[in-house]
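What follows is calculated from the coordinates using simple rules that are stated; it is not laboratory data. Small disclaimer: the values here were computed from a predicted structure and weren't measured. Positions of Cβ are backbone-derived with ideal geometry, glycine not excepted, and every protein chain shown enters the neighbour counts.
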Amino acid sequence: MAIIVNLDVMMAKRKMSLNELSEKIGLTLSNLSILKTGKAKAIRFSTLETICNVLDCQPGDILEYVNDKQKTTTH
């Protein structure tokens, strides 16, 4: 996948646990964990908006595009 999810980085910067974020955004812990580990195939804009609101960040702080050439050399 060419989209890297940096949710764990933003959570660490905000000193917020997965459980706390789950409660604040109204997403189940299992679904949030799937997103955090990069296993999610999609995210709703409304969910992304809520996460950004709670973590006080921009979508680009959470989602990063890496092309296949970069992925093999940097990740």
message = Where the second residue is outside any helix (DSSP H, G or I) and charged (D, E, K, R) and the first is over 18 Å from Ala2 (Cα atoms) and lies in region 42-65, which pairs have Cβ atoms under 7 Å and are six or more apart or on separate chains?
response = Leu55/Arg14
remark   = Among helices (runs of 4 or more DSSP H) entirely inside the chain, those with 3 or more residues being within 10 Å of the chain's Cα centre (by Cα) are 7-13, 29-36, 45-55, 59-62
note = Restricting attention to region 32-48, the residues that are out of contact with any Asp or Glu (no Cβ under 7 Å at 6 or more places or on another chain) and either more than 17 Å from Leu63 (Cα to Cα) or surrounded by 13 or more Cβ atoms within 10 Å (Cβ to Cβ) (or both) number exactly 9
query = Is it the case that Leu29 is in contact with a Pro (Cβ under 7 Å, 6 or more places away or on another chain) and either among the hydroxyl-bearing types (Ser, Thr, Tyr) or surrounded by 10 or more Cβ atoms within 10 Å (Cβ to Cβ) (or both)?
reply = no
ask   = How many residues does region 32-41 contain that are within 14 Å of Asn6 (Cβ to Cβ) and of a type in the set (Ser, Thr, Tyr)?
value = 1
key: Matching residues, region 14-31, being free of Cβ contacts under 8 Å to residues at least 12 places away in the same chain and within 16 Å of Asp61 (Cβ to Cβ)   = Lys15
